[in-house]
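Below you'll find the structure, written out as structure tokens, and then a few comments.
Every read-out reported here was derived from the displayed coordinates using simple, explicitly stated rules and does not represent laboratory data. No experiment lies behind these values; they were computed from the predicted model shown. Here the Cβ is made from the backbone with ideal geometry for all residues, glycine too, and neighbour counts use every protein chain on show.
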């Protein structure tokens with residue numbers, strides 16, 4: 001049975017065709033790849049192929065064309081070395097190792113070409129509950145969704161379950177017959193199925209033992225970790241599980257969680273093989289889920305490891321919870337719990353939720369012999385490693401002030417003393433000066449509070465730019481309405497927004513702080529069909545609701561669009577005002593003033609409306625530019641010393657530059673300072 005509609009199959013075939021400019025495409029893929037990855041059985045990495053491209057070009061092109069025409073490999077091209085990478089620090093059994101395939105250079109080129117074509121169509125195949133390997137999707141979106149679900153469940157006293165499953169050796173268990181069947185179901189034509197079949201079934205492997213390969217054996221099932229195609233093929237397999245759940249929902253056999261006023265349905269979230277099921281807490285849902293997982297195992301070969309899987313219940317009867325976990329033969333858990341590296345159901349306004357970040361920072365600092373490093377070396381480690389450790393958390397959660405000061409103290413102690421222990425170190429130069437850009441006399445140390453705000457603003461920009469249906473955006477819209485109506489809104493206190501999640505409250509608070517985000521966003525109006533007339537900054541740099549507050553207060557439809565109020569007829573603008581009441585004379589003067597301004601400065605362009613970020617030439621948002629704006633707002637310009645910029649010229653050893661900077665800034669320890 002086909003898994004996609006007929007019209008979509010023809011679209012797929014366009015992307016699955018062999019590219020005309022094959023040689024150029026191959027060369028581009030080689031240059032853009034990592035040169036020094038471990039080679040496979042042929043001993044050639046991409047660095048060698050690039051350096052000797054003039055010699056190898058014809059042979060490589062003939063081999064690639066031969067594969068695409070005949071769907072077969074010469075013996076040895078699809079051979080693989082398997083090396084075992086430990087999953088834990090001190091492994092004690094074979095299960096604690098991860099098998100990684102070292103693939104030959106020629107096969108990797110062919111696989112990259114196939115993966116490149118697949119990447120262009122998976123977005124239209126894979127459902128919105130999958131967040132891995134699909135362009136435009138982010139791992140953190142799944143964390144936003146599940147936390148918004150949990151937040152609404154707790155506040156509205158709903159009863160739901162969450163079931164986090166672990167697949168046993170996911171990549172290594174996929175049945176090849178099942179894989180080929182679903183390729184046909186998704187609309188891949190016969191030629192493409194033959195290419196994939198050749199790649200997965202003709203593979204042979206040997207295990208590296210004490211540096212030497214064992215005898216070769218064929219691959220009866222599974223996908224090789226290291227093969228460029230494996231992530232996309234696994235997505236297609238995992239999508240079948242999602243389709244089974246969707247079918248159960250449509251038949252009324254599985255009842256998903258419904259979020260917000262628009263009742264957006266959420267039944268499962270996936271990131272590759274990491275899967276979380278979410279549903280109403282009842283017996284039928286649990287029984288249906290167990291049946292789906294069993295059928296999926298029989299078809300695909302993917303088996304759930306129930307010993308590592310865990311069931312969570314919110315507002316669930318204790319006896320029912322115990323019965324369900326016994327039926328599933330899995331562990332029982334409570335909130336908060338880990339999902340994709342972040343806590344679900346935790347309050348990140350509290351310090352204890354950040355203890356893991358603090359511990360990671362301490363562990364990393366203690367692992368270095370930092371006292372033997374120069375000050376310049378410690379600057380590099382602080383920016384490249386220490387400030388990068390909390391980035392994953394900072395990308396989604398607001399950093400509390402107390403935690404920010406604690407992390408800053410650890411990094412400062414490392415810079416001036418080389419460790420996080422042994423008490424507080426003397427900072428011979430103020431932290432404000434150290435966080436200045438090098439061009440302004442600082443060290444360019446990342447200031448975590450501003451960096452955190454810049455990262456959070458990326459979510460605000462993505463909400464503004466939304467086009468089409470995206471699951472996490474649908475949930476935000478269902479719970480809180482249009483973001484643009486929240487921008488510029490004054491938040492008196494937390495109680496005034498008690499039905500907001502802490503994540504949404506903190507995001508709006510950051511975006512509205514001094515209206516800096518809104519002031520740096522501009523709406524480029526085309527046909528005016530998606531630009532809010534009063535709320536968006538499309539004329540004069542600030543929203544019309546701020547320029548003409550009296551008129552806005554009398555507007556009948558505050559969320560109206562530009563196209564609703566300004567109609568282009570016969571090369572001329574006509575205004576279609578809708579007021580709550582008849583305007584007073586002085587209000588009519590305001591109306592005439594607004595019309596005059598718009599008629600003078602605004603022209604009609606027949607194109608879609610778009611957002612523009614004022615701080616970049618391209619008009620697209622970047623965290624770097626947002627961080628720069630925030631630092632400009634926060635920095636004390638009395639500290640700025642642009643005359644120090646020449647210190648950081650190229651060709652001078654870093655330790656000399658750092659010493660010179662300390663000398664000029666008065667950061668060297670000497671007798672007078674000590675006294």
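Classify the stretch 235-357 as rounded, prolate or oblate, taking a ≥ b ≥ c as the square roots of the eigenvalues of its Cα gyration tensor: rounded when a/c is under 1.5, otherwise prolate if a/b is larger than b/c and oblate if not. It is rounded, given that a/c, with a ≥ b ≥ c, falls under 1.5. Ranking of 579, 500 by neighbouring Cβ atoms within 10 Å, starting from the fewest: 579, 500. Using the average count of surrounding beta-carbon atoms within 10 Å as a protection proxy, the listed peptides 587-594, 207-214, 337-344, 446-453 rank, highest first, as 446-453, 337-344, 587-594, 207-214.
Over the C-alpha atoms of the stretch 46-85, the Rg to Rh ratio, Rh being the Kirkwood estimate, stands at 1.08. Length gained on full extension, residue 44 to residue 96: 15.8 nm, using 0.36 nm per residue less the C-alpha separation. Ordered by the number of other Cβ atoms lying within 10 Å of each residue's own Cβ, fewest first, 661, 648 fall into the sequence 648, 661.
Among [x] 22; [y] 36; [z] 45, which one is percent of Cα pairs over 45 Å apart computed from these coordinates? Given [x] 22; [y] 36; [z] 45, the calculated one carries the label [y].
How large is log10 of I(q)/I(0) for the stretch 309-386 at q = 0.12 Å⁻¹ when the intensity is taken from the Debye formula with one equal scatterer per alpha-carbon? At q = 0.12 Å⁻¹ the computed log10 ratios are -0.58. Provide, for q = 0.15, 0.27, 0.29 Å⁻¹, the log10 of I(q)/I(0) from a solvent-free Debye sum over equal Cα point scatterers in the stretch 477-540. Those come out to -0.52, -1.24, -1.34, one per q. Normalised size of the stretch 520-577, defined as Cα radius of gyration per 2.2 N^0.38 Å with N residues, equals 1.10. With only the Cα atoms considered, the stretch 248-320 has a convex hull volume of 123 Å³ per residue.
Note on the stretch 301-438: percent of Cα-Cα distances in each 5 Å bin, starting at 0 and stopping at the bin with the largest distance, equals 2, 8, 15, 16, 13, 11, 9, 7, 6, 6, 4, 2, 0. Using only the C-alpha atoms, the convex hull of the stretch 282-349 corresponds to 98 Å³ per residue. Assuming a ≥ b ≥ c are the square roots of the Cα gyration tensor eigenvalues, decide whether the stretch 38-136 counts as rounded (a/c under 1.5), prolate (otherwise, with a/b larger than b/c) or oblate. It comes out oblate by the Cα gyration axes. Were the residues from residue 253 through residue 550 laid out at 0.36 nm apart, the gain over their Cα-Cα distance would be 101.6 nm.
Each pair of Cα atoms in the stretch 173-248 enters the Kirkwood radius, and Stokes-Einstein at 37 °C and 0.692 mPa s then converts it into a translational diffusion coefficient of 237 µm²/s. Exposure proxy ranking for 218, 537, 127, based on other Cβ atoms within 10 angstrom of each Cβ and starting from the fewest, stands as 218, 127, 537. For the stretch 467-583, the Stokes-Einstein estimate of translational diffusion at 4 °C and a viscosity of 1.567 mPa s comes to 81 µm²/s, using the Kirkwood hydrodynamic radius over alpha-carbon pairs.
The Cα center of the stretch 364-416 and the Cα center of the stretch 548-573 differ in position by 51 Å.
Taking square-rooted eigenvalues a ≥ b ≥ c of the alpha carbon gyration tensor, is the stretch 528-669 rounded, prolate or oblate, where a/c under 1.5 means rounded and, failing that, a/b exceeding b/c means prolate? Judged from the Cα gyration tensor, the stretch 528-669 comes out prolate (a/c at least 1.5, a/b above b/c). Inter-part distance, the stretch 46-114 to the stretch 307-355, computed on C-alpha centroids, equals 41 Å. Relative to its Kirkwood radius, the Cα radius of gyration of the stretch 111-234 gives an Rg/Rh of 1.08. Applying the Kirkwood pairwise sum to the alpha-carbon positions of the stretch 173-327 produces a hydrodynamic radius of 18.1 angstrom.
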